[in-house]
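Visitor: Have a look at the structure that comes next, please.
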Amino acid sequence: MTRFIFVCYPPGSGGEQLAVKISKLPFCYTLAYTLRGKRTIAHDLFKSGMLSTFYKSNYDNYKIPTTSLLNVVPTHRSPDELDKKWPGSIYVVIEIPTDPEWVRKLIIRRYRYFALSQCTTWREAIGEYLDRGGNILEAKKLTVPIRNIDIHCLVKGIQSTLQTRKQLFLSHCNIDRIKYKYNKRIIPVSFQTVYENNLNNCYKRIEKLVK
């Protein structure tokens with residue numbers, strides 16, 4: 001059975017960047033990635049379908065290679081959900097901060113790295129549009145490239161200005177943790193640890209589980 005390392009993370013907390021770093025461990029497939037402004041776009045096995053609720057049902061359509069190497073996949077989904085489909089996987093979960101200063105840093109990072117990030121393909125744009133509650137019959141309004149925050153403005157039917165973008169972002173910026181029932185294959189890491197790139201302990205815990 002092919003095993004995975006799923007990096008489960010709230011939007012904007014650095015999950016794709018962390019997934020790319022983990023994939024450089026010797027027992028993993030090394031992820032290709034693209035830098036789009038400040039954001040790291042990981043080219044994972046599921047083509048980022050794990051980051052969208054719209055594409056949720058499509059992960060059965062991908063061919064999973066049979067190999068001793070582990071596939072690293074960034075996702076916004078819970079280990080509890082994923083483990084039903086891929087039992088035996090390893091889960092690295094980015095935990096949201098409780099300290100107000102680190103909450104502020106997470107919010108700023110989410111705005112700069114995600115909200116202002118561009119969708120450069122139709123697939124990305126329609127996924128974000130439908131995740132935001134957009135009407136599929138009005139999707140022809142979308143043109144690429146387009147920023148995620150501009151898609152949100154389009155769905156809400158408001159003009160995209162500096163003021164409206166920030167107001168809309170802050171009014172919908174819920175900092176929700178990934179909920180899960182703990183087991184020994186789950187490795188929680190703090191947002192601060194990811195932010196400061198203090199990942200050696202995380203790597204050691206992954207290596208121990210792989211062995």
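The values are calculated or read from the model by the stated rules, or taken from the named source; none is laboratory data. Note that the coordinates shown come from a computational prediction; the quantities given were computed from them, not determined experimentally. Positions of Cβ are generated from backbone atoms using ideal geometry, with glycine treated the same way; all protein chains shown enter the neighbour counts.
Visitor: Taking the conditions exactly as written (out of contact with any strand residue (DSSP E or B) (no Cβ under 7 Å at 6 or more places or on another chain) and farther than 30 Å from Glu196 by Cβ), does Ile146 satisfy them or not? First the steps, then the outcome.
Guide: Numbers: out of contact with any strand residue (DSSP E or B) (no Cβ under 7 Å at 6 or more places or on another chain): no; farther than 30 Å from Glu196 by Cβ: yes.
No, not satisfied.
Visitor: If you go through segment 22-30 one residue at a time, do you hit one that is in contact (Cβ under 8 Å) with a residue 40 or more places away in the chain, in contact with a strand residue (DSSP E or B) (Cβ under 8 Å, 6 or more places away or on another chain), more than 26 Å from Asp176 (Cα to Cα) and of a type in the set (A, V, I, L, M, F, W, C)?
Guide: The answer is yes, given that some residue of segment 22-30 is in contact (Cβ under 8 Å) with a residue 40 or more places away in the chain, in contact with a strand residue (DSSP E or B) (Cβ under 8 Å, 6 or more places away or on another chain), more than 26 Å from Asp176 (Cα to Cα) and of a type in the set (A, V, I, L, M, F, W, C).
Visitor: Now, a different point. Working only within segment 39-80, note down all residues that are surrounded by fewer than 17 Cβ atoms within 10 Å (Cβ to Cβ), assigned to a helix (DSSP H, G or I) and at pLDDT below 90.
Guide: Lys56, Ser57, Asn58, Asp60, Asn61
Visitor: Within segment 152-176, track down each residue that is assigned to a loop (DSSP other than H, G, I, E, B) and either touching a Gly at 6+ places or on another chain (Cβ under 9 Å) or surrounded by 14 or more Cβ atoms within 10 Å (Cβ to Cβ) (or both).
Guide: Here is the first cut: in segment 152-176, the ones assigned to a loop (DSSP other than H, G, I, E, B) are 157-161, 172-176.
Result: Ser160, Cys173, Ile175.
Visitor: Something else: Tell me whether segment 201-210 contains one or more residues that are within 23 Å of Ser117 (Cβ to Cβ), surrounded by fewer than 17 Cβ atoms within 10 Å (Cβ to Cβ), of a type outside the set (D, E, K, R) and within 20 Å of the chain's Cα centre (by Cα). Steps first, answer last, please.
Guide: We begin by selecting, within segment 201-210, every residue within 23 Å of Ser117 (Cβ to Cβ); these are none.
Looking through segment 201-210, none of the residues is within 23 Å of Ser117 (Cβ to Cβ), surrounded by fewer than 17 Cβ atoms within 10 Å (Cβ to Cβ), of a type outside the set (D, E, K, R) and within 20 Å of the chain's Cα centre (by Cα).
Visitor: Within the set of pairs 6+ apart or on separate chains, which have a first residue in segment 148-162 that is closer than 14 Å to Glu138 by Cβ, a second that is of a type in the set (Ser, Thr, Tyr), and C-beta atoms under 8 Å apart?
Guide: Listed pairs, sorted by first residue: Ile151/Tyr129; Cys153/Ser160; Cys153/Thr164; Leu154/Tyr129; Leu154/Ser160; Val155/Tyr129.
Visitor: Of everything in segment 100-129 that's free of Cβ contacts under 8 Å to residues at least 40 places away in the same chain and not in a helix (DSSP H, G or I), which residue is farthest from Thr164 (Cα to Cα)?
Guide: By that ranking, first place goes to Thr121.
Visitor: Next question. Name every residue in segment 121-151 that is hydroxyl-bearing (Ser, Thr, Tyr) and surrounded by fewer than 14 Cβ atoms within 10 Å (Cβ to Cβ), in order of residue number.
Guide: Of all residues in segment 121-151, those hydroxyl-bearing (Ser, Thr, Tyr) come to 121, 129, 143.
Correct list: Thr121, Thr143.
Visitor: Also, quick follow-up: Checking Ile187 against (1) surrounded by fewer than 14 Cβ atoms within 10 Å (Cβ to Cβ); (2) at pLDDT 95 or above; (3) among the hydrophobic types (A, V, I, L, M, F, W, C), only one condition comes out false. Which one?
Guide: That leaves (1) as the condition not met.
Visitor: Run down Asn200, Asn148 and say which single residue is in the same structural domain as Ser23 (by TED's automatic domain parsing) and of a type in the set (S, T, N, Q).
Guide: The unique qualifying residue is Asn200.
Visitor: The conditions are (1) touching a residue at least 60 places away in the same chain (Cβ under 8 Å); (2) surrounded by 15 or more Cβ atoms within 10 Å (Cβ to Cβ), and Thr193 fails exactly one of them. Which is it?
Guide: (1)
Visitor: Among the polar types (S, T, N, Q) and assigned by TED's automatic domain parsing to the domain that holds Val72: does that describe Gln192?
Guide: yes
Visitor: Let me ask you something else. Could you check how many residues of segment 80-119 are within 11 Å of Ser13 (Cβ to Cβ) and of a type in the set (S, T, N, Q)?
Guide: Qualifying residue count for the region: 0.
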